[in-house]
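The values are calculated or read from the model by the stated rules, or taken from the named source; none is laboratory data. This one's a predicted model, so the numbers in the text were calculated from it and none came from an experiment. Here the Cβ is made from the backbone with ideal geometry for all residues, glycine too, and neighbour counts use every protein chain on show.
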Amino acid sequence: MLDEFIDNFLGTKRSGKRGVFGRIKHYYGVVEAQARGSLHIHILIWLEGALSPLHIVERCQNEPDFRARMFNWLESVFANDFPKDTNPTSTDHASLKRNIMGKPPHPLSDDFDTVWPHYLRGVLDASSQQHQHNDTCFKKSSIEKARLTNEEQDLLCRFLYPQPIVESTFMDDDGKIHLKRPNARMVTYVPSISGRFQCNTDGKFVGSGAFGMALSIYMAGYTAKNSLDSAIMASALLAATKAVGDTSSASDEQCRLFLLKTINQANIRRELSAQQVAASLLGKPNHYTNAVFRHCYWSKLLSWISPEVFPTYKKNAFPAIKYVFIYNEHVYAHLVIAIFASIVPIALTYKLTLQTLNRIIRPTIWTILRI
(Lines give C-alpha, C1' and ligand atoms only; values in the text may rest on other atoms or scores of the structure.)
Protein backbone atom coordinates (compact mmCIF):
# COMPACT_ATOMS: atom_id res chain seq x y z
CA MET A 1 0.00 0.00 0.00
CA LEU A 2 2.71 2.49 0.97
CA ASP A 3 4.89 1.35 -1.93
CA GLU A 4 2.04 2.12 -4.33
CA PHE A 5 1.50 5.50 -2.68
CA ILE A 6 5.18 6.44 -2.97
CA ASP A 7 5.76 4.96 -6.43
CA ASN A 8 2.57 6.13 -8.16
CA PHE A 9 0.88 8.89 -6.16
CA LEU A 10 4.12 10.66 -5.25
CA GLY A 11 5.38 9.74 -8.72
CA THR A 12 8.83 8.44 -7.76
CA LYS A 13 8.56 5.49 -10.19
CA ARG A 14 6.45 7.18 -12.87
CA SER A 15 7.83 8.53 -16.13
CA GLY A 16 8.49 12.21 -15.63
CA LYS A 17 8.46 11.71 -11.85
CA ARG A 18 5.19 13.64 -11.61
CA GLY A 19 2.63 12.64 -8.99
CA VAL A 20 -0.51 14.04 -7.40
CA PHE A 21 1.34 17.01 -5.88
CA GLY A 22 3.77 17.56 -8.76
CA ARG A 23 7.42 16.50 -8.83
CA ILE A 24 8.71 15.34 -5.45
CA LYS A 25 12.22 16.20 -4.28
CA HIS A 26 12.19 14.41 -0.92
CA TYR A 27 9.76 12.65 1.39
CA TYR A 28 10.07 11.41 4.97
CA GLY A 29 7.37 9.34 6.65
CA VAL A 30 7.16 7.82 10.14
CA VAL A 31 4.93 4.81 10.87
CA GLU A 32 3.03 4.98 14.16
CA ALA A 33 0.60 2.69 15.96
CA GLN A 34 -2.60 4.04 17.47
CA ALA A 35 -3.75 3.03 20.94
CA ARG A 36 -5.88 0.26 19.42
CA GLY A 37 -2.88 -1.03 17.44
CA SER A 38 -3.70 0.02 13.89
CA LEU A 39 -0.84 1.52 11.91
CA HIS A 40 -0.77 4.88 10.16
CA ILE A 41 1.93 7.12 8.72
CA HIS A 42 2.86 10.78 9.07
CA ILE A 43 4.68 11.84 5.92
CA LEU A 44 6.35 15.15 5.04
CA ILE A 45 6.80 15.95 1.35
CA TRP A 46 9.19 18.44 -0.26
CA LEU A 47 8.27 19.59 -3.78
CA GLU A 48 10.86 20.03 -6.52
CA GLY A 49 11.56 23.73 -7.07
CA ALA A 50 9.27 24.85 -4.25
CA LEU A 51 9.71 28.39 -3.01
CA SER A 52 10.44 29.16 0.61
CA PRO A 53 7.42 30.18 2.74
CA LEU A 54 8.63 33.79 2.85
CA HIS A 55 8.97 33.95 -0.95
CA ILE A 56 5.48 32.49 -1.36
CA VAL A 57 4.07 35.22 0.90
CA GLU A 58 6.00 37.93 -0.93
CA ARG A 59 4.89 36.81 -4.39
CA CYS A 60 1.28 36.25 -3.34
CA GLN A 61 1.14 39.77 -1.93
CA ASN A 62 2.79 41.43 -4.94
CA GLU A 63 1.85 39.27 -7.95
CA PRO A 64 -1.89 38.70 -8.54
CA ASP A 65 -1.25 36.17 -11.32
CA PHE A 66 1.04 34.08 -9.11
CA ARG A 67 -1.45 34.28 -6.24
CA ALA A 68 -4.27 33.03 -8.48
CA ARG A 69 -2.18 30.12 -9.78
CA MET A 70 -1.03 29.25 -6.26
CA PHE A 71 -4.57 29.20 -4.90
CA ASN A 72 -5.85 27.21 -7.91
CA TRP A 73 -3.14 24.59 -7.36
CA LEU A 74 -4.03 24.23 -3.68
CA GLU A 75 -7.74 23.88 -4.46
CA SER A 76 -6.96 21.29 -7.15
CA VAL A 77 -5.03 19.14 -4.66
CA PHE A 78 -6.91 19.54 -1.36
CA ALA A 79 -10.64 19.40 -0.64
CA ASN A 80 -12.73 20.51 2.33
CA ASP A 81 -16.17 19.26 1.35
CA PHE A 82 -18.01 16.27 -0.06
CA PRO A 83 -18.10 15.90 -3.88
CA LYS A 84 -20.77 18.03 -5.48
CA ASP A 85 -24.23 16.62 -6.18
CA THR A 86 -23.78 13.59 -3.91
CA ASN A 87 -25.96 12.34 -1.07
CA PRO A 88 -25.08 10.62 2.23
CA THR A 89 -24.58 6.89 1.83
CA SER A 90 -26.12 4.14 3.91
CA THR A 91 -24.53 3.46 7.28
CA ASP A 92 -25.42 -0.24 7.50
CA HIS A 93 -22.53 -2.68 7.91
CA ALA A 94 -22.73 -4.11 4.39
CA SER A 95 -22.60 -0.67 2.77
CA LEU A 96 -19.72 0.51 4.94
CA LYS A 97 -17.75 -2.65 4.16
CA ARG A 98 -18.42 -2.29 0.44
CA ASN A 99 -17.34 1.38 0.45
CA ILE A 100 -13.96 0.78 2.11
CA MET A 101 -13.18 -2.67 0.68
CA GLY A 102 -14.74 -2.49 -2.77
CA LYS A 103 -12.84 -1.96 -6.01
CA PRO A 104 -12.51 1.70 -7.11
CA PRO A 105 -13.89 2.61 -10.56
CA HIS A 106 -11.37 2.40 -13.39
CA PRO A 107 -10.21 5.85 -14.60
CA LEU A 108 -10.53 4.76 -18.26
CA SER A 109 -14.11 3.52 -17.96
CA ASP A 110 -16.74 5.45 -19.93
CA ASP A 111 -18.81 6.33 -16.87
CA PHE A 112 -15.89 7.21 -14.59
CA ASP A 113 -16.78 10.92 -14.30
CA THR A 114 -20.30 9.98 -13.24
CA VAL A 115 -19.45 7.11 -10.89
CA TRP A 116 -16.37 8.58 -9.18
CA PRO A 117 -18.05 11.35 -7.09
CA HIS A 118 -20.59 8.92 -5.63
CA TYR A 119 -17.92 6.29 -4.99
CA LEU A 120 -15.72 8.90 -3.25
CA ARG A 121 -18.68 10.05 -1.13
CA GLY A 122 -19.14 6.48 0.07
CA VAL A 123 -15.47 6.23 1.05
CA LEU A 124 -15.57 9.55 2.91
CA ASP A 125 -18.70 8.55 4.82
CA ALA A 126 -17.36 5.10 5.71
CA SER A 127 -13.95 6.42 6.84
CA SER A 128 -15.43 9.25 8.96
CA GLN A 129 -13.67 11.96 6.98
CA GLN A 130 -16.20 14.46 8.30
CA HIS A 131 -15.26 15.09 11.92
CA GLN A 132 -17.58 13.89 14.65
CA HIS A 133 -16.75 14.55 18.29
CA ASN A 134 -15.77 11.53 20.38
CA ASP A 135 -13.98 10.90 23.68
CA THR A 136 -10.57 11.39 22.01
CA CYS A 137 -11.45 15.03 21.33
CA PHE A 138 -11.58 15.71 25.08
CA LYS A 139 -9.03 13.29 26.54
CA LYS A 140 -6.90 16.24 27.69
CA SER A 141 -9.90 18.02 29.17
CA SER A 142 -11.07 17.69 32.77
CA ILE A 143 -14.68 17.24 31.62
CA GLU A 144 -16.00 14.13 29.90
CA LYS A 145 -17.79 14.37 26.56
CA ALA A 146 -21.08 13.10 28.02
CA ARG A 147 -21.23 16.09 30.37
CA LEU A 148 -20.72 18.68 27.63
CA THR A 149 -23.40 20.35 25.55
CA ASN A 150 -23.02 20.46 21.77
CA GLU A 151 -21.85 24.07 21.95
CA GLU A 152 -19.27 23.21 24.63
CA GLN A 153 -18.02 20.27 22.57
CA ASP A 154 -17.46 22.56 19.59
CA LEU A 155 -15.61 25.00 21.82
CA LEU A 156 -13.37 22.49 23.65
CA CYS A 157 -12.55 20.02 20.84
CA ARG A 158 -8.75 19.69 20.83
CA PHE A 159 -8.78 19.17 17.06
CA LEU A 160 -10.41 22.61 16.67
CA TYR A 161 -13.52 21.44 14.83
CA PRO A 162 -15.71 22.92 13.56
CA GLN A 163 -13.45 25.22 11.54
CA PRO A 164 -14.60 28.63 10.26
CA ILE A 165 -16.33 28.59 6.88
CA VAL A 166 -14.12 30.08 4.12
CA GLU A 167 -15.98 31.22 0.99
CA SER A 168 -12.85 31.48 -1.17
CA THR A 169 -9.13 30.87 -0.63
CA PHE A 170 -7.22 33.88 0.70
CA MET A 171 -4.02 34.88 2.50
CA ASP A 172 -4.27 36.85 5.74
CA ASP A 173 -1.95 39.61 6.96
CA ASP A 174 0.28 37.07 8.74
CA GLY A 175 0.92 35.14 5.52
CA LYS A 176 -1.25 32.14 6.35
CA ILE A 177 -3.26 30.72 3.45
CA HIS A 178 -6.86 29.89 4.34
CA LEU A 179 -8.07 27.25 1.93
CA LYS A 180 -11.64 27.33 0.64
CA ARG A 181 -13.81 25.49 3.18
CA PRO A 182 -17.55 25.04 2.52
CA ASN A 183 -17.81 22.33 5.21
CA ALA A 184 -16.81 23.36 8.74
CA ARG A 185 -16.33 19.77 9.94
CA MET A 186 -14.57 18.22 6.96
CA VAL A 187 -10.97 17.12 7.60
CA THR A 188 -8.83 18.27 4.66
CA TYR A 189 -8.15 15.42 2.24
CA VAL A 190 -6.73 14.67 -1.23
CA PRO A 191 -9.59 13.12 -3.26
CA SER A 192 -7.49 10.78 -5.42
CA ILE A 193 -5.57 9.43 -2.41
CA SER A 194 -8.64 8.97 -0.21
CA GLY A 195 -10.53 7.29 -3.04
CA ARG A 196 -7.75 4.91 -3.98
CA PHE A 197 -6.69 3.83 -0.49
CA GLN A 198 -10.18 3.98 1.04
CA CYS A 199 -9.13 5.30 4.43
CA ASN A 200 -9.23 8.41 6.59
CA THR A 201 -6.55 10.95 5.66
CA ASP A 202 -5.52 14.44 6.73
CA GLY A 203 -3.53 16.67 4.37
CA LYS A 204 -2.03 20.07 5.12
CA PHE A 205 0.01 22.62 3.21
CA VAL A 206 2.95 23.84 5.31
CA GLY A 207 3.10 27.57 4.73
CA SER A 208 4.52 30.46 6.72
CA GLY A 209 3.64 32.39 9.84
CA ALA A 210 2.69 30.95 13.21
CA PHE A 211 0.74 28.09 11.60
CA GLY A 212 3.77 26.97 9.58
CA MET A 213 6.03 27.14 12.63
CA ALA A 214 3.54 25.14 14.71
CA LEU A 215 3.34 22.46 12.01
CA SER A 216 7.14 22.30 11.79
CA ILE A 217 7.45 21.71 15.54
CA TYR A 218 4.65 19.13 15.40
CA MET A 219 6.37 17.24 12.58
CA ALA A 220 9.79 17.45 14.22
CA GLY A 221 8.28 15.93 17.37
CA TYR A 222 6.64 13.09 15.46
CA THR A 223 9.89 11.98 13.81
CA ALA A 224 11.22 11.00 17.23
CA LYS A 225 7.97 10.11 18.99
CA ASN A 226 7.91 6.88 20.96
CA SER A 227 4.51 5.38 21.77
CA LEU A 228 4.78 4.73 25.50
CA ASP A 229 1.64 5.28 27.55
CA SER A 230 1.49 6.41 31.17
CA ALA A 231 0.84 2.91 32.54
CA ILE A 232 4.05 1.59 30.99
CA MET A 233 6.07 4.55 32.28
CA ALA A 234 4.63 4.19 35.79
CA SER A 235 5.56 0.52 36.00
CA ALA A 236 9.00 1.27 34.56
CA LEU A 237 9.64 3.99 37.15
CA LEU A 238 8.60 1.64 39.96
CA ALA A 239 10.89 -1.13 38.71
CA ALA A 240 13.80 1.29 38.29
CA THR A 241 13.30 2.70 41.80
CA LYS A 242 13.44 -0.79 43.30
CA ALA A 243 16.52 -1.67 41.26
CA VAL A 244 18.50 1.44 42.24
CA GLY A 245 17.43 1.34 45.88
CA ASP A 246 15.99 3.93 48.23
CA THR A 247 18.47 6.52 49.43
CA SER A 248 18.16 9.94 51.00
CA SER A 249 21.08 11.50 49.08
CA ALA A 250 21.28 10.39 45.47
CA SER A 251 24.66 10.80 43.79
CA ASP A 252 25.14 11.73 40.12
CA GLU A 253 25.91 8.10 39.34
CA GLN A 254 22.72 6.92 41.05
CA CYS A 255 20.68 9.47 39.11
CA ARG A 256 22.27 8.36 35.85
CA LEU A 257 21.65 4.71 36.72
CA PHE A 258 18.03 5.46 37.62
CA LEU A 259 17.37 7.13 34.27
CA LEU A 260 19.09 4.31 32.40
CA LYS A 261 17.08 1.62 34.17
CA THR A 262 13.85 3.57 33.63
CA ILE A 263 14.45 3.72 29.88
CA ASN A 264 15.37 0.04 29.74
CA GLN A 265 12.31 -0.98 31.75
CA ALA A 266 10.04 1.18 29.58
CA ASN A 267 11.26 -0.52 26.43
CA ILE A 268 10.95 -3.98 28.02
CA ARG A 269 7.38 -3.34 29.18
CA ARG A 270 6.24 -1.69 25.97
CA GLU A 271 3.17 -3.34 24.46
CA LEU A 272 3.18 -4.21 20.76
CA SER A 273 0.05 -4.72 18.68
CA ALA A 274 -0.44 -7.61 16.28
CA GLN A 275 -0.10 -5.17 13.38
CA GLN A 276 3.28 -3.95 14.65
CA VAL A 277 4.56 -7.49 15.12
CA ALA A 278 3.32 -8.55 11.67
CA ALA A 279 4.92 -5.50 10.03
CA SER A 280 8.22 -6.27 11.72
CA LEU A 281 8.15 -9.95 10.73
CA LEU A 282 7.40 -8.96 7.13
CA GLY A 283 10.43 -6.68 7.15
CA LYS A 284 8.45 -3.45 6.80
CA PRO A 285 10.39 -0.33 7.88
CA ASN A 286 9.22 2.07 10.57
CA HIS A 287 10.02 5.03 8.34
CA TYR A 288 10.09 5.75 4.60
CA THR A 289 12.38 8.26 2.89
CA ASN A 290 14.47 8.86 -0.22
CA ALA A 291 16.91 11.11 1.65
CA VAL A 292 20.22 10.15 3.27
CA PHE A 293 20.72 10.88 6.97
CA ARG A 294 23.38 10.19 9.55
CA HIS A 295 22.93 9.93 13.28
CA CYS A 296 23.62 12.86 15.56
CA TYR A 297 24.34 11.99 19.21
CA TRP A 298 23.18 15.00 21.19
CA SER A 299 24.98 14.19 24.44
CA LYS A 300 28.40 14.08 22.81
CA LEU A 301 27.67 17.04 20.54
CA LEU A 302 26.58 19.21 23.47
CA SER A 303 29.55 18.18 25.60
CA TRP A 304 31.89 19.15 22.78
CA ILE A 305 30.24 22.56 22.32
CA SER A 306 29.68 23.43 26.00
CA PRO A 307 31.51 21.02 28.36
CA GLU A 308 31.10 23.37 31.34
CA VAL A 309 27.30 23.03 31.10
CA PHE A 310 27.31 19.27 30.46
CA PRO A 311 30.21 18.01 32.65
CA THR A 312 28.74 14.50 32.94
CA TYR A 313 29.83 13.71 29.41
CA LYS A 314 33.09 15.67 29.41
CA LYS A 315 35.34 12.63 29.82
CA ASN A 316 33.80 10.97 26.76
CA ALA A 317 33.66 14.07 24.59
CA PHE A 318 34.96 14.06 21.05
CA PRO A 319 34.27 16.18 17.92
CA ALA A 320 30.67 16.25 16.78
CA ILE A 321 29.36 13.54 14.50
CA LYS A 322 28.26 14.90 11.13
CA TYR A 323 24.57 15.06 10.37
CA VAL A 324 23.40 15.37 6.77
CA PHE A 325 20.34 17.60 6.42
CA ILE A 326 18.19 18.00 3.34
CA TYR A 327 19.46 21.34 2.08
CA ASN A 328 17.34 23.99 0.48
CA GLU A 329 17.28 27.73 0.77
CA HIS A 330 14.99 27.74 3.82
CA VAL A 331 16.57 24.80 5.66
CA TYR A 332 17.93 27.15 8.34
CA ALA A 333 14.48 27.87 9.76
CA HIS A 334 13.57 24.18 9.89
CA LEU A 335 16.96 23.40 11.44
CA VAL A 336 16.46 25.94 14.22
CA ILE A 337 13.03 24.48 14.99
CA ALA A 338 14.31 20.89 14.95
CA ILE A 339 17.24 21.72 17.23
CA PHE A 340 15.04 23.68 19.62
CA ALA A 341 12.44 20.90 19.76
CA SER A 342 15.07 18.27 20.54
CA ILE A 343 17.15 20.29 23.00
CA VAL A 344 14.28 21.46 25.25
CA PRO A 345 13.95 18.09 27.08
CA ILE A 346 17.69 18.17 27.77
CA ALA A 347 17.41 21.74 29.01
CA LEU A 348 14.62 20.80 31.40
CA THR A 349 16.69 17.90 32.74
CA TYR A 350 19.67 20.16 33.46
CA LYS A 351 17.49 23.14 34.56
CA LEU A 352 19.18 25.46 32.06
CA THR A 353 18.22 29.14 31.81
CA LEU A 354 17.11 30.80 28.57
CA GLN A 355 20.43 32.66 28.41
CA THR A 356 22.37 29.40 28.63
CA LEU A 357 20.12 27.80 26.01
CA ASN A 358 20.72 30.72 23.65
CA ARG A 359 24.48 30.45 24.18
CA ILE A 360 24.38 26.74 23.31
CA ILE A 361 21.90 26.71 20.42
CA ARG A 362 23.58 29.39 18.31
CA PRO A 363 27.02 27.71 18.04
CA THR A 364 25.29 24.35 17.63
CA ILE A 365 23.43 25.54 14.54
CA TRP A 366 26.55 27.17 13.11
CA THR A 367 28.65 24.08 13.78
CA ILE A 368 26.21 21.76 11.97
CA LEU A 369 25.76 24.13 9.02
CA ARG A 370 29.48 24.45 8.37
CA ILE A 371 30.23 20.69 8.65
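The figures follow:
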quantity: Residues that are of a type in the set (Val, Ile, Thr) and surrounded by fewer than 14 Cβ atoms within 10 Å (Cβ to Cβ), drawn from the stretch 152-188; calculated: Ile165
quantity: Test for Lys103: is it among the basic types (Lys, Arg) and either touching a residue at least 12 places away in the same chain (Cβ under 8 Å) or under 26 Å from Gln153 (Cβ atoms) (or both); calculated: no
quantity: Whichever residue in the stretch 127-162 is touching a residue at least 40 places away in the same chain (Cβ under 8 Å) and not hydroxyl-bearing (Ser, Thr, Tyr) and, among such residues, is farthest from Asn80 (Cα to Cα); calculated: Gln132
quantity: The listed residue being closer than 23 Å to Gly203 by Cα, under 25 Å from the mean Cα position of the chain (by Cα) and at pLDDT 95 or above, out of Arg158, Arg181; calculated: Arg181
quantity: Checklist (1) under 27 Å from the mean Cα position of the chain (by Cα); (2) not in a helix (DSSP H, G or I) applied to Leu124, failing item; calculated: (2)
quantity: Residue in the stretch 2-18 that is assigned to a loop (DSSP other than H, G, I, E, B), among the polar types (S, T, N, Q) and more than 26 Å from Lys176 (Cα to Cα) present; calculated: yes
